[in-house]
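*Asks:* Below is the structure I would like to discuss, written out as structure tokens.
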Amino acid sequence: MEPIEGDPAVEQMHVLVHVDERGRNYLVRLLADLSALPAGAPPRATRFVDMALILPFQVEAAANVEVLRLLNAVNLGGLIGAFALSEVDRVVLVRHTWHAPLEDIKASSAFALLQLLALSARETGPMIEQVATGAIRFDEIVSAVRTQLESGQNTGAVV
């Protein structure tokens with residue numbers, strides 16, 4: 001972990017959690033508040049570890065509304081974190097903030113959360129990218145999922 005410039009109480013780290021078939025890196029940026037408790041703080045006052053993974057593609061401006069509709073549907077059934085669209089940077093990210101007492105923030109727990117965040121991005125990212133690049137529309141995804149569900153095929157897709 002390295003201190004954040006201008007805020008020595010917050011440290012950051014980047015963790016590579018996946019490389020896709022096109023060789024693109026999926027990096028999670030962790031920001032952690034590891035500062036000492038101030039005098040008089042509750043004995044188990046919480047700290048945070050913020051995890052953010054930016055998906056390795058850009059969203060076409062014309063696809064913003066379609067991507068937002070898809071992200072809303074994905075977030076309703078998501079396991080961990082929330083997907084968001086940064087319209088300024090034209091990227092999709094998935095983010096989770098873990099709040100826990102400092103003594104409960106352990107590497108093994110962080111590793112499990114990183115794995116869930118990476119799984120969420122890996123499983124959902126290709127579908128989001130198709131919508132983000134205009135290759136498919138949100139309504140087409142919903143229609144395909146409905147067809148598969150009606151035919152008895154469970155895809156695991158959450159839309």
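The values are calculated or read from the model by the stated rules, or taken from the named source; none is laboratory data. Since the structure is predicted, the reported quantities are computational estimates derived from the model, not experimental observations. Note that we place each Cβ from the backbone using ideal geometry, even for glycine, and neighbour counts take in every protein chain shown.
*Asks:* Restricting to the range 99-115, name every residue that is closer than 16 Å to H14 by Cα and either within 13 Å of the chain's Cα centre (by Cα) or among the hydroxyl-bearing types (S, T, Y) (or both).
*Replies:* Within the range 99-115, L113, L114, Q115 qualify.
*Asks:* Kindly check whether there is at least one residue in the range 102-123 that is closer than 17 Å to D50 by Cβ and hydroxyl-bearing (S, T, Y).
*Replies:* The answer is yes; a qualifying residue exists.
*Asks:* List the pairs whose first member sits in the range 53-74 and is assigned to a helix (DSSP H, G or I), whose second member is buried (at least 21 other Cβ atoms within 10 Å of the Cβ) and among the aromatic types (F, W, Y), and whose Cβ atoms are under 7 Å apart, counting only residues at least 6 apart or on separate chains?
*Replies:* L71/F83; V74/F83
*Asks:* Pairs, please: C-beta under 7 Å, at least 6 apart or cross-chain, first residue closer than 17 Å to R90 by Cα and in the range 131-148, second among the charged types (D, E, K, R) and in a helix (DSSP H, G or I)?
*Replies:* Close Cβ pairs (under 7 Å, with a partner that is among the charged types (D, E, K, R) and in a helix (DSSP H, G or I)) amount to V131/E66.
*Asks:* Hey, among E140, E129, which residue is out of contact with any Ser or Thr (no Cβ under 7 Å at 6 or more places or on another chain), in a helix (DSSP H, G or I) and surrounded by fewer than 17 Cβ atoms within 10 Å (Cβ to Cβ)?
*Replies:* Being out of contact with any Ser or Thr (no Cβ under 7 Å at 6 or more places or on another chain), in a helix (DSSP H, G or I) and surrounded by fewer than 17 Cβ atoms within 10 Å (Cβ to Cβ) holds for just one of E140, E129, which is E140.
*Asks:* With respect to A157, is the statement that it is under 30 Å from D89 (Cα atoms), modelled with pLDDT under 85 and of a type in the set (A, V, I, L, M) true?
*Replies:* Here the answer is yes, as A157 does meet what is asked.
*Asks:* Any chance you could count how many residues in the range 81-105 are basic (K, R) and in contact with a strand residue (DSSP E or B) (Cβ under 9 Å, 6 or more places away or on another chain)?
*Replies:* The number of residues fulfilling the criteria is 1.
*Asks:* Only one residue in F83, F111, F48 is without any contact (Cβ under 8 Å) to a residue 12 or more places away in the chain and under 15 Å from V28 (Cβ atoms). Which one?
*Replies:* F111
*Asks:* Hey, any hits in the range 84-102 for a residue that's modelled with pLDDT of 90 or more, surrounded by fewer than 13 Cβ atoms within 10 Å (Cβ to Cβ) and among the hydrophobic types (A, V, I, L, M, F, W, C)?
*Replies:* Looking for residues that are modelled with pLDDT of 90 or more, surrounded by fewer than 13 Cβ atoms within 10 Å (Cβ to Cβ) and among the hydrophobic types (A, V, I, L, M, F, W, C), one finds at least one in the range 84-102, hence yes.
*Asks:* In the range 14-43, which residues are in contact (Cβ under 8 Å) with a residue 60 or more places away in the chain and closer than 15 Å to W98 by Cα?
*Replies:* The answer is V28, L30, A32, L34.
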